[in-house]
Amino acid sequence: MKFKTALSLLLVASLVGVAIQGCNGKVVQFIFGDSLSDVGNNNRLNMSLAQASLPYYGIDFGNGLPNGRFTNGRTVADIIGDSTGLPRPPALLDPSLDEKVILENGVNYASGGGGILNQTGTYFIRLGKQASDKFFQDARYVVALGSNDFINNYLMPVYADSWRYNDRTFIEYLMETLQQQLLVLHKLGARKLMVFGLGPMGCIPLQRVLSTTGKCQERANKLALSFNKAASKLLVDLETQLPDASYKFGDAYDVVDDVIRNPNKYGFDNADSPCCSLGNIRPALTCTPASTLCGDRSKYVFWDEYHPSDRANELIAKELIKKFGFMGADSPSPAPEAASAPSPSDE
């Protein structure tokens, strides 16, 4: 489930022809991302270690069972789509996915652990060229990638990129790679594209617990800021160069940083540790049936060591909606009624 998997899909869809039957001009989304946007792809990748298939993931969504989202409720992409009246696209590996479902809902390619630098995958569908051109040009494309390229690659000394590049040249490498991917998407018909910026990734619980002080790792935060600046400029440049391109960059860094540093201001009680954890065993990495839950999930910024809670995602989504200029968007849909938690304990 890599970024270029989507390009393979669009290439075949645009060039191989069976006419679309019953296409009603509906606008859908194609989402390319990592675990912050995953809705179940990694649960169907047996070799992946990044899965949200165990309780208590999804406890505040629908029936309360794991659904592939790496949080207790909705993702940021869920909330933005709901607010703008777009259907939630199903996971690429959802067994029910077929051409009709794609035409009605789009596709979510996001995969836990994914990044801009990941390798190619393969997937194919077929659409007629004339109808598919309009379908893909009208669709919205969401790119929410980058954090894993730092946290699970560049900032880990076991990877060659950590010594092959310095901070400046690694970001340049990311931008060169992202630019090529966006150019291919544009060539294949993508015109309306939104890119999510990175938040203060040095402040996620995992980064804090791995530091010697328990505080945010400021180098990681500075890398996020540099990435956002470079990605924003890249989109401006591409929009001016490419015909009919409408590219928007959503940067919620400042708001998320303020939430983490002043949680009470936003109604949170905890912004430095996960709601779902194994007590004093840190880092626990994922939420498991053996974990204990915080007493009030709405008071925690983070759900697990990596990912925000549903309520934090809603706050992030509201900020991105402003940055994207969706001023006429409806209020984000409320999270589905929470399932009963099995005797959660206060931390």
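Here each label is just a point 7 Å from Cα along the line to Cβ, and for R261 and R219 those points are 2.1 nm apart. Projection of the Cα convex hull of region 3-324, averaged over all directions and equal to a quarter of that hull's surface, yields 16.1 nm².
Here region 260-299 has an Rg and Dmax of 11.1, 32 Å, counting Cα atoms alone. Scoring 191-200, 307-316, 213-222, 244-253 by mean Cβ neighbours within 10 Å over their residues and listing the highest first yields 307-316, 191-200, 244-253, 213-222. Modelled spin labels at F326 and T240, positioned 7 Å past Cα toward Cβ, are 2.8 nm from each other.
Quick note: the coordinates plus some simple rules give every number you see, no bench work behind them. Here the structure is a predicted model, which means the values were calculated and not measured. Ideal geometry is used to build each Cβ from the backbone, glycine not excepted, and the neighbour counts take in all protein chains shown.
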